[in-house]
Amino acid sequence: MAYPMAAAVLERELVLYRRLWQASLLGSFVMPVLFLLSIGVGVGAYVGTVEGVSYLAWIVPGVLASTAFQIGVGESTYPVLGDFKWVRAYHAMRATQVMPSDMVLGRQAYLVFRALIAVTVFLVVAALFGGVQSWWAPAALPVAALLTVAVAAPVTAFAASIENDSYFALLFRFFMIPATLFSGVFFPLQQLPEVLRWLGYASPLWHAVELCRAATLGLPTEWPIAVHVAYLLLCAGVGLALAVWRFWVRLGD
Amino acid sequence: MADEPLIYARGLVKRFSRKGAEPFTAVDGIDLDVAAGEAFGFLGPNGAGKSSTMRMIGCVSRPTEGELRILGMDPIRDGARIRSRLGVCPQLDNLDPDLTVRENLTTYARYFGLSREVGRRRAAELLEFVQLADRAEGKVDPLSGGMKRRLTIARALVNEPDLVLLDEPTTGLDPQARHLVWERLYQLKQRGATLVLTTHYMDEAEQLCDRLVVMDGGRIVAEGSPRSLIGQYATAEVVELRFADEVDYSAKLEGIGRLDPLPDRLLLYADDGDGAVSEVHRRGLSPSSVLVRRSTLEDVFLHLTGRTLVD
Ligand SMILES: Nc1ncnc2c1ncn2[C@@H]1O[C@H](COP(=O)(O)OP(=O)(O)O)[C@@H](O)[C@H]1O
Ligand SMILES: [Mg+2]
C-alpha cells in the first residue's frame, strides 16, 4: 500500500514543479555551469593539472556532486517546514490514506528527479567542454541520486522537527558550509591537515565526490568503492528513518 | 455492521502532555453515538475540546483513554482504512496555494488512490456543486474566505465519504458567505450524507444539526435536538431588558421568570414574552429598551455554563 500513495505525493510535487520550474533554472542549471567555467577555466589557468588531469576535468565531478548536494539540502529546508507550517500540506495528506512514510518517500523521489535532471544537463555540458574522460561517467548519475537522499533525508527530519526557520542558519553554518569546503570538491582532501580531513570523511559529499571522480576520470577511489557506497546508504537509511519518525511525531496530535 | 453507529465513543479522553506542567485534559470523558444519515453538531466556545474530538474521530490523533469506533472499526488498527471513507474539512485551511482550484481537487483525489480519470470527473462535478466552476483554472490565493471554505468542502467530498467532518465550517466568514456554505451543507444533508460539524455559532447549529451536544471544558454538558434543548433549558421566549441607569433591578423583577443579568442587559425567560413585559411595566419599571425574541441555543449555553458562547 505504501508505494502507490508515495506516488500520489510525488505527483503533487511534479504538478507544482511544472508551475515553478523556471524559478529553479538559475540555481539548478545555470549556476553549476558558470561555476565550472569560471573556476575550472579561470583558476585552472594558474593551477595547471591535479592528479594528472586538467583542473577543469578534476572539478567536474566535485561540482556535479555538490549540485545534487545543494538541491538535496536546499529543497529540504524551507519547502518542508513550509508544508508543515504555512501550507499545511502534510496535515491535508494526513487526513487521507497517505501515511508519513509515503510523504517522506514521495518527497525524496521528487528530489532525486530534480537532482538527476540537473546533474545530467551538467554532465552533458561538462563533456562538451572536455571535462569528462571516461565511459564510466554515467555512473555518476546514480551516485548523485544516492547522495541526494543521503543529505535530503536527514535535513528533512531536521526541518520537520523545528518550529522556526532561524534554525536553518545553524544548519547552513555548521553543516552545509563545512561539508562543502572539506569535501574534495575544489582540492584533494590530502592537502588538509589530518584533523580537517576527518570533516571530509564524515561528509556524505566527500564520499560522493570520490565516487563521481572515479566515474568521470576513470581514477581509483580513495577508499574501496563499497565503503563509499555503504556510507552513503547508511546516511540515507538513517535519514529516512529519522524523517518518517519526525513526521509521525509532528502530525500526531 | 449495518446498525452499528458510524461514531461510537465511551469515556473518550484526550490529554496533551506539556513541558514542565501537568498534562492538559482537552477532552474529558465523552460518550457519542452518531448514526448514518444524521447531521450531528458539537456546539461550544473556543477551547471546549471540539477540534481535539474531531481529530480523534478523523483518526489523526490517538485517544488517551476510552473506547472509540469509527465506521465500526478501530482508529488505531484501521486508521488508513477509516480515513479512506472520511471527508475532512479542518478548522485551519490547508489548500495548496500554488495549485489551481481544480488541481487542488485532482491532486487530493490521488491521495485516496483514485485514478486520474475519476479524479477529473469528480473535480468537475464538485466544482459545480460548490459553485466554483468558473474559477477552476485560477489560483487559490485570490479566492475569498468563503470560496476557499467551499473548495475545502468540495475537496472533502472527492472520495465520496460515508462521513463528513467539518470543523468550524463558517468561522470568520461574513454573513453572506456563511449562507452560501450553509446552503451547500444543507444540500449535502438532503442527499443523505452523514455530517458531523463543530461550531460556536448557535444559529449554525440550529440550522444544520438534527442533534447536537453542548461542550464546555472538555465535557458534554447537554445533548439533544436544538428544539428539545431549548425546551429543556430555556423558555419559549426571552425578554431582553436594558436600563438607562446602573441600578440592579433583579429584586424588583423577582418572580416573573428566570433572570440572567449580563453586563449590558438583563435576560428574562418567559414562555409568554409580551405577558412578561406587561408585568415589568405593571411593577412601575421603565427599561430604556425592551426586546422580545425566541429563545436560542445561546440562551441554553448561558444557562448551562453561566457564560456566553462567543465573547
Ligand atoms: N496539540 C495540543 N497541545 C496542547 N494543547 C492543546 C493541543 N491542541 C489543543 N490543545 C488545548 O486543548 C484545548 C481544547 O482545544 P480544541 O480542541 O482546539 O478546542 P476547540 O476546537 O473547541 O476550540 C485548548 O485549551 C487547547 O489549547
Ligand atoms: Mg477548534
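The values are calculated or read from the model by the stated rules, or taken from the named source; none is laboratory data. Only a predicted model underlies this, so the values are computations on that prediction, with no experimental measurement involved. Note: ideal-geometry Cβ built from the backbone for every residue, glycine included; neighbour counts use all protein chains shown. Only protein heavy atoms, including side chains, enter the accessible area calculation; ligands, DNA and RNA are left aside. Shrake-Rupley method; radii C 1.70, N 1.55, O 1.52, S 1.80 Å.
Points worth noting:
- Net charge over other residues, Cβ less than 11 angstrom from the Cβ of residue B:270 (K, R count +1; D, E count -1): -4
- Cross-link partners for residue B:139 among the lysines, with Cα-Cα distance under 17 Å and sequence neighbours closer than 8 places in the same chain left out: B:148.
- Segments A:10-16, B:33-39, A:161-167 sorted - mean Cβ within 10 Å per residue, highest first: A:10-16, B:33-39, A:161-167
- Share of carbon and sulfur in the accessible area of region B:235-294 stands at 49%, probe radius 1.4 Å.
- Solvent exposure, largest accessible area first (probe 1.4 Å, DNA, RNA and ligands not counted), of B:281, A:228, B:303: B:281, B:303, A:228
- Annotation: extensible slack from residue B:225 through residue B:285 equals 17.9 nm (criterion: 0.36 nm per residue apart, minus Cα-Cα distance).
- Interface B-A: total buried accessible area of about 2200 Å², 1.4 Å probe, protein heavy atoms only.
- Surface accessible to a 1.4 Å probe, residue A:147 within the full protein complex, Å²: 0 Å²
- Cross-link reach is defined here as a Cα-Cα straight distance under 16 Å, omitting same-chain residues fewer than 8 places apart; for residue A:85 the aspartates and glutamates meeting it are A:75, A:163, A:165, A:253, B:93, B:96, B:98.
- When you count the other C-beta atoms within 10 angstrom of each residue and take the mean per peptide, B:137-150, B:53-66 line up highest first as B:53-66, B:137-150.
- Here the simple spin-label model places points 7 Å from the Cα toward Cβ, and for residue B:210 and residue A:175 these points are separated by 5.2 nm.
- Average other protein chain Cβ within 10 Å of Cβ, residues B:94-104: 4
- Near-label residues of region B:253-273 by backbone N, under 15 Å of a point 7 Å along Cα→Cβ of residue B:236: B:269-273
- If R0 equals 45 Å, the separation of the Cβ atoms of residue A:46 and residue A:25 corresponds to a calculated FRET efficiency of about 0.90.
- Applying the criteria of a DSSP loop state and at most 11 other Cβ atoms within 10 Å to the trypsin sites (Lys or Arg not before Pro) of region B:184-258 yields B:191.
- In the full protein context, the protein assembly as shown carries 44 Å² of accessible surface per residue, based on a 1.4 Å probe and ignoring ligands, DNA and RNA.
- In nm, spacing of pseudo-spin labels at residue A:241 and residue B:136 (7 Å Cα→C-beta vector): 4.8 nm
- When the residues B:202, A:93 are ordered by accessible surface, computed with a 1.4 Å probe over the protein chains alone, the sequence from largest down reads B:202, A:93.
- Alpha carbon centroid spacing (whole Å) that separates region A:92-127 from region B:25-85: 35 Å
- Share antiparallel - DSSP beta bridges, the protein assembly as shown, percent rounded to 5: 65 percent
- Neighbours of residue B:236 by Cβ distance under 9 Å: Lys/Arg scored +1, Asp/Glu scored -1, total -2.
- If the segment from residue B:244 to residue B:174 were pulled out straight at 0.36 nm per residue, it would be longer than the present Cα-Cα gap by 22.0 nm.
- Of all DSSP beta bridges in chain B, antiparallel share, percent nearest 5: 65 percent
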